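Presented below is the structure to which this report refers.
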Amino acid sequence: MIESISNEDLLAAIRALVKKSGCIEADLLVHLGELDERKLFLSRSFSSMFRYCVDELGFSEDATYNRIVVARGARRFPALIEVVRSGRIHLAGVRLLVPHLTEENHGDLLARAAGKSKRKIEEMIAMLSPKPPVPATIRKLPSSAALALTLPHEAALSVPTEVALCLPELELSRPAAHTALPPLTSLPRRVQHRPAIQPLAEDAYKIQFTASRAFREKLKQSQDLLRHRVPDGDLAAILEAALDLLIQKVKNDRFAVGRKVRTAPPTGPIAPEGESCRPTRHIPDAIKRAVYERDAGRCTFADEEGRRCSETGTLEFDHLDGFARTQVHSVERIRLLCRPHNQYAAEQLYGRTFMQRARSSIPVTTRLTGNDDSTCSGTSPRSRLL
């Protein structure tokens with residue numbers, strides 16, 4: 001039973017399975033490439049390699065697209081099979097690189113892409129083949145009813161447009177004009193608009209998202225207020241200025257960066273004479289700022305191999321010795337951890353059973369606000385735990 005194996009054996013087994021899956025994927029690409037070359041899908045009553053992979057082999061459209069592009073590219077550059085087999089580059093990353101590979105550059109590009117995420121590879125490609133800036137636009141989206149009417153037609157497109165461009169033998173067709181539309185009640189009631197951040201060049205990105213009417217009105221007001229500094233009302237300049245202010249405010253509020261040093265309340269186990277309140281969990285601003293700057297605004301958790309967590313969000317201050325035990329704040333014994341690693345560290349210190357029981361006793365409002373300050377009138381649930 002998998003539940004009975006040790007943590008070390010589980011990690012080792014996963015690494016072995018990943019390596020095995022890379023070998024299987026590479027072999028599959030070789031066979032798909034040969035099948036494609038022989039056009040065997042035609043004898044199976046499929047008009048294209050794409051339809052064969054989706055309908056006969058049961059691949060998703062995205063997986064089919066990735067595999068066909070890489071399999072075809074590997075017939076020109078066999079090194080693609082080896083980078084997939086070794087796991088140096090994931091399949092989606094190899095697919096992104098294929099259109100940009102040449103006899104002269106493929107070795108260098110594959111070496112540079114090794115170990116990189118899809119986003120990083122997209123940035124590499126943007127440097128190789130920069131695109132012109134996109135114009136700033138604001139447009140009103142169609143109403144829900146109008147979107148619903150277009151959904152059946154859009155659903156008929158079984159693959160993305162970029163697939164059709166890269167797979168020329170694939171023919172896309174819309175339903176006939178007389179095809180009856182399904183009733184609106186059978187359609188999704190809400191259409192999700194996914195945000196997009198796409199690199200265009202080395203220092204340029206296309207950013208697209210859906211905003212509310214209130215956001216649009218605030219943006220218009222910002223353009224009007226900043227006409228003296230941004231005469232053309234450039235959206236990128238205004239949003240960047242707004243983000244600068246937001247980032248500075250959050251750093252100020254959470255990590256005391258840029259904040260005037262305040263007189264801190266007592267942090268030791270003994271309260272000042274005449275006071276009976278317990279030591280507060282509030283970390284003095286000077287310590288917050290010093291810890292944040294020392295840890296470079298990033299989680300400090302490192303595994304046994306010295307690999308440090310790359311998370312820069314959901315950061316929290318962690319007392320290495322447990323504040324509930326020491327009742328002391330010091331730069332040397334406080335570090336930045338992301339929330340998951342902070343919870344993991346607490347479980348290592350106090351035990352998983354204790355932490356699960358303790359978390360269940362924290363009121364929901366406290367968990368949502370993340371309030372961990374103590375006051376003279378009482379102690380927060382978090383301080384009672386940690």
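Of note:
- Test for PHE41: is it of a type outside the set (D, E, K, R), more than 24 Å from LEU110 (Cβ to Cβ) and assigned to a helix (DSSP H, G or I): yes
- Verdict on SER86 being among the hydroxyl-bearing types (Ser, Thr, Tyr) and surrounded by 13 or more Cβ atoms within 10 Å (Cβ to Cβ): yes
- ASP62 being within 17 Å of ARG95 (Cα to Cα), assigned by TED's automatic domain parsing to the domain that holds VAL98, modelled with pLDDT of 95 or more and surrounded by fewer than 15 Cβ atoms within 10 Å (Cβ to Cβ): no
- In the stretch 112-171, residue modelled with the highest pLDDT [restricted to those that are among the basic types (Lys, Arg) and in contact with a Leu (Cβ under 9 Å, 6 or more places away or on another chain)]: LYS118
- Screening ARG254 on (1) loosely packed, with under 14 Cβ neighbours inside 10 Å; (2) within 30 Å of LEU336 (Cα to Cα) shows it passes everything except condition (1).
- Hits in the stretch 286-300 (condition: over 13 Å from HIS319 (Cα atoms) and in contact with a Phe, Trp or Tyr (Cβ under 9 Å, 6 or more places away or on another chain)): ARG289, TYR292, GLU293, GLY297
Per-residue answers, yes or no, for (1) exposed (fewer than 14 other Cβ atoms within 10 Å of the Cβ); (2) of a type in the set (S, T, N, Q); (3) in a loop (DSSP other than H, G, I, E, B); (4) in contact (Cβ under 8 Å) with a residue 12 or more places away in the chain:
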position: VAL291; (1), (2), (3), (4): no, no, no, yes
position: CYS299; (1), (2), (3), (4): no, no, yes, yes
position: GLU311; (1), (2), (3), (4): no, no, yes, yes
position: ASP318; (1), (2), (3), (4): no, no, no, yes
position: ARG325; (1), (2), (3), (4): yes, no, no, no
position: LEU337; (1), (2), (3), (4): no, no, no, yes
position: LEU349; (1), (2), (3), (4): no, no, no, yes
position: MET355; (1), (2), (3), (4): no, no, no, yes
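- Filter pass, ARG88 being closer than 25 Å to HIS31 by Cα and not in a helix (DSSP H, G or I): yes
The values are calculated or read from the model by the stated rules, or taken from the named source; none is laboratory data. Note that this is a predicted model, so its numbers are computed, not measured. Virtual Cβ from ideal backbone geometry, glycine too; neighbours counted across all protein chains shown.
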